[in-house]
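Q: Input: one structure, supplied below.
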Amino acid sequence: MGNIRSTPTSSKNEDIEKFSHFSPEDIETWSASFKLTFPSRKITLANLEKQLQEFFPFGNSQNFSKLIFKTINISGTDSIDFHELLIAFSILTKGSSFEKLRWIFRFYDCDNDGVVSKSEMVYACQALFDMVGATLHFNLDAKEVVENVFVEVENLSGFLTFEDFRSLALKKSKAFQMLSNFNVE
């Protein structure tokens, strides 16, 4: 009696099943692929930046990598594990509209203070544009895009709350579509 120990692995597996919208078979396949790609079973900021640079070879992925790393890395450690990656993927592909919006809002909230300032949003937009602009052949001005967002939400404070962000999404505004490439319906 008492000889059976619970392991962190089984606890993580339970968490994965609880927070994921995927079948156990899919999770097992992706986990095996993750282990092959990242033998340390962790993604560092440098790993992520390298992966993104391979997808967008004509852009600069450095700042975007930092933002996406921070958003996925819910544990706040120096690496992303499979569990964190799966949760992010699950939210963005199969989560509710609210979950997706929350995740995207966290991406723009660079300093994690619960609001998104104009400067944070400009930084995040510019990071995205720097990474994909040359590859996808578009040329957008981050400051102009952000200014349109704040005008549309009629916000003079220079900060967006989650509710402001949500109202933009509910309006299906063009300004919001510029901020999000994820289907939030």
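The values are calculated or read from the model by the stated rules, or taken from the named source; none is laboratory data. The model shown is predicted, which means the values in this text are computed figures rather than measured ones. Ideal geometry is used to build each Cβ from the backbone, glycine not excepted, and the neighbour counts take in all protein chains shown.
Q: So which helices (runs of 4 or more DSSP H) stay within the range 41-104 end to end and still have 3 or more residues that are at pLDDT 95 or above and under 30 Å from LYS171 (Cα atoms)?
A: It comes to 62-72.
Q: Here's something else I'd like to know. Name the single residue that is modelled with the lowest pLDDT among those in the range 167-185 being under 24 Å from ASP111 (Cα atoms) and of a type in the set (Gly, Ala, Ser). Full working, then the answer.
A: Residues of the range 167-185 that are under 24 Å from ASP111 (Cα atoms), as a first pass: 167-169, 175-182, 184.
Imposing the further condition that a residue be of a type in the set (Gly, Ala, Ser) reduces the set to 167, 169, 175, 180.
Details: SER167: 84, ALA169: 80, ALA175: 61, SER180: 58.
Step by step, filter the range 167-185, then rank; the result is SER180.
Q: ALA46 is checked against (1) free of Cβ contacts under 8 Å to residues at least 40 places away in the same chain; (2) surrounded by fewer than 20 Cβ atoms within 10 Å (Cβ to Cβ); (3) in contact with a strand residue (DSSP E or B) (Cβ under 6 Å, 6 or more places away or on another chain) and fails just one. What number does that condition carry?
A: Tallying (1) free of Cβ contacts under 8 Å to residues at least 40 places away in the same chain; (2) surrounded by fewer than 20 Cβ atoms within 10 Å (Cβ to Cβ); (3) in contact with a strand residue (DSSP E or B) (Cβ under 6 Å, 6 or more places away or on another chain), ALA46 fails exactly one: (3).
Q: Restricting to the range 149-166, name every residue that is modelled with pLDDT of 85 or more, part of a helix (DSSP H, G or I) and surrounded by fewer than 17 Cβ atoms within 10 Å (Cβ to Cβ).
A: Result: PHE162, GLU163.
Q: Another question, if that's okay. For the range 91-104, state whether one or more residues are polar (S, T, N, Q), surrounded by fewer than 19 Cβ atoms within 10 Å (Cβ to Cβ) and closer than 21 Å to THR44 by Cα. Before you say what the answer is, go through the steps one by one.
A: First, pick out the residues of the range 91-104 that are polar (S, T, N, Q): 93, 96-97.
Adding the requirement that they be surrounded by fewer than 19 Cβ atoms within 10 Å (Cβ to Cβ) leaves 93, 96-97.
After this cut, where a residue has to be closer than 21 Å to THR44 by Cα as well, the list is none.
Looking through the range 91-104, none of the residues is polar (S, T, N, Q), surrounded by fewer than 19 Cβ atoms within 10 Å (Cβ to Cβ) and closer than 21 Å to THR44 by Cα.
Q: Moving to a separate point now. Only one residue in LYS118, LYS143 is of a type in the set (Lys, Arg), modelled with pLDDT of 85 or more and within 20 Å of GLY59 (Cβ to Cβ), so which one is that?
A: Exactly one of LYS118, LYS143 is of a type in the set (Lys, Arg), modelled with pLDDT of 85 or more and within 20 Å of GLY59 (Cβ to Cβ), namely LYS143.
Q: Which residue out of ASP78, ASP113, ASP26 is of a type outside the set (Val, Ile, Thr), surrounded by fewer than 14 Cβ atoms within 10 Å (Cβ to Cβ) and more than 17 Å from the chain's Cα centre (by Cα)?
A: On inspection, the qualifying residue turns out to be ASP26.
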